[in-house]
Amino acid sequence: MRAIVVGGGVAGSAAAIALRRIGAGVTVYEAYDDPGGPVGSYVSLAVNGLRALDVLECLTRVQVAGFPVARHRMWSGSGRLLGDVARGRRSEDPLHSVTLMRADLVSELRAEALKSGARIVTGQRLDAASDPRAADADLIVGADGIWSATRRALDPAAPQPSYAGLYSVSGTSGSVPNGLPRDGFNWIFARHGVFIFLPVPDGTVWWTAQVAAHEPPPDPAVIGPAELTRLFSTEARAAAVLGAATAMRAPTPGHILKPVTCRHRDRTVLIGDAAHPVGAGQGASIAMEDAVILARHLAAVAPEAIPQALAAFDRERQPRAGKLAKMDTSNRDAKTAGPVGARMREMIMPHVFSRFYEKATGWLYDFDPGAIPAPGTG
Ligand SMILES: Cc1cc2nc3c(=O)[nH]c(=O)nc-3n(C[C@H](O)[C@H](O)[C@H](O)COP(=O)(O)OP(=O)(O)OC[C@H]3O[C@@H](n4cnc5c(N)ncnc54)[C@H](O)[C@@H]3O)c2cc1C
């Protein structure tokens, strides 16, 4: 099987490893040279994503490149603890969620893909609809992210991303301000959105301000440290982290996508954000699950049976991705709740969140993508 993978981000690099495991010849085309591409922030991987990494034999190297995060805490703007749960796992699960820079995750996946014999061509965009380099491929995997051109090639009427009503600004602070937790993924519901801070083992703090705004920032340069400090001035803990900031990245507008109805045709299939951008801190994990399950469906399949295998892959993935997309919508609504919603949250959450969180998310974290059969055994 000769496979072309469009996009060498999380989904594309993971797919390259998985497809090599079933003996396919794989070439990845990636538009950017830098593995960080336009998204220079960190990603948090829940245990379902870590299990996919384990199947890809990349778990240890990703754990080493990142750090474990055991707890997930929700705070009100005034500093009241609203919930404290196991981060990205069931509480009894000994496997802990890992956070690392997206660029480091992509670098580790690409290193494993190269080691397993995939070819990765960086700095080159590929348009699956017309590119001669894709002409004689048996399989085209569209792993080209939320702005996927492969999606448009499959269906010119496919939805386009639209602004989600939130933009993110990430940065680093030199130390943990006094009085703040020294570990965990800490999420503060703020007047203007959500502020997340995450103490790192080296003593620094990674943070993200997710700002609710009807329009994306017209001029990214306007959203400097002074403006962020103004937006989060009523949340003392957020203001303290911002006060210690040593670096800040440009704002990234959040995007949503209406459900994509055409996700595969003939020899072409979409995976990762190209097919279903699920947000909710699960995009990278779902992209890696996709890669493993795609390879499982394609193992020992003759080229003429690829269209049926892609249809079976998509049937297996869609219910899970659809459920997650719904969860993402309610997460986003919580971030833009307004003052009445915020007061309700402060009254109700301390009583229910920690108790019901695991029941509500167990289905997500329990998922096991299954093994990839070795060539000739599928
Ligand atoms: C600020 C931010 C924070 C996030 N935090 C988390 C988190 O904590 N946890 C989590 O699980 N997810 C998180 N996500 C989501 C996660 O990053 C994505 O869901 C995940 O990266 C999807 O992977 P992907 O490979 O499908 O898409 P992408 O990572 O977007 O990769 C697509 C790749 O395709 C390349 N490309 C595009 N078009 C072409 C073309 N025509 N030819 C060649 N190459 C092309 C792009 O350059 C890119 O490298 C976050 C996203 C953002 C923006």
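The values are calculated or read from the model by the stated rules, or taken from the named source; none is laboratory data. Just so it is clear, the structure is predicted and the values come from calculations on it, not from any experiment. Note that we place each Cβ from the backbone using ideal geometry, even for glycine, and neighbour counts take in every protein chain shown.
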Among residues of segment 68-88 being hydrophobic (A, V, I, L, M, F, W, C) and surrounded by fewer than 18 Cβ atoms within 10 Å (Cβ to Cβ), the residue farthest from L198 (Cα to Cα) is L81
Counting only strands (runs of 3 or more DSSP E) entirely within segment 23-107, those with at least 2 residues that are closer than 30 Å to G142 by Cα and under 20 Å from the mean Cα position of the chain (by Cα) are 25-30, 42-45, 97-101
Among residues of segment 53-104 being among the polar types (S, T, N, Q) and farther than 23 Å from I372 by Cβ, the residue farthest from the ligand (Cβ to nearest atom) is S78
For this session: Scan segment 202-217 and give yes if some residue there is more than 16 Å from G77 (Cα to Cα) and aromatic (F, W, Y), otherwise no.
Result: yes
In segment 265-293, anything within 16 Å of the ligand (Cβ to nearest atom), in contact with a strand residue (DSSP E or B) (Cβ under 7 Å, 6 or more places away or on another chain) and not small (G, A, S) is listed as T268, V269, L270, I271
(message) Can you say whether A240 is without any contact (Cβ under 8 Å) to a residue 60 or more places away in the chain and either in the same structural domain as R182 (by TED's automatic domain parsing) or touching a Cys at 6+ places or on another chain (Cβ under 6 Å) (or both), as far as the supplied structure shows?
(response) no
Within segment 134-189, residues more than 16 Å from the ligand (Cβ to nearest atom), part of a loop (DSSP other than H, G, I, E, B) and touching an Asp or Glu at 6+ places or on another chain (Cβ under 8 Å) come out as none
Scanning segment 1-18 for residues that are more than 10 Å from the ligand (Cβ to nearest atom), among the small types (G, A, S) and assigned to a helix (DSSP H, G or I) gives A16, A18
Expected single match for at pLDDT below 95, buried (at least 16 other Cβ atoms within 10 Å of the Cβ) and aliphatic (A, V, I, L, M) among A247, A275, A239, A212 is A212
When every residue in segment 19-45 that is small (G, A, S) and within 13 Å of the ligand (Cβ to nearest atom) is compared, the one farthest from S168 (Cα to Cα) is A31
When (1) in a helix (DSSP H, G or I); (2) acidic (D, E); (3) more than 16 Å from the ligand (Cβ to nearest atom) are applied to E215, the one that fails is (1)
Only one of (1) closer than 27 Å to P159 by Cβ; (2) assigned by TED's automatic domain parsing to the domain that holds L109; (3) surrounded by fewer than 20 Cβ atoms within 10 Å (Cβ to Cβ); (4) at pLDDT below 95 does not apply to P303, and that is (1)
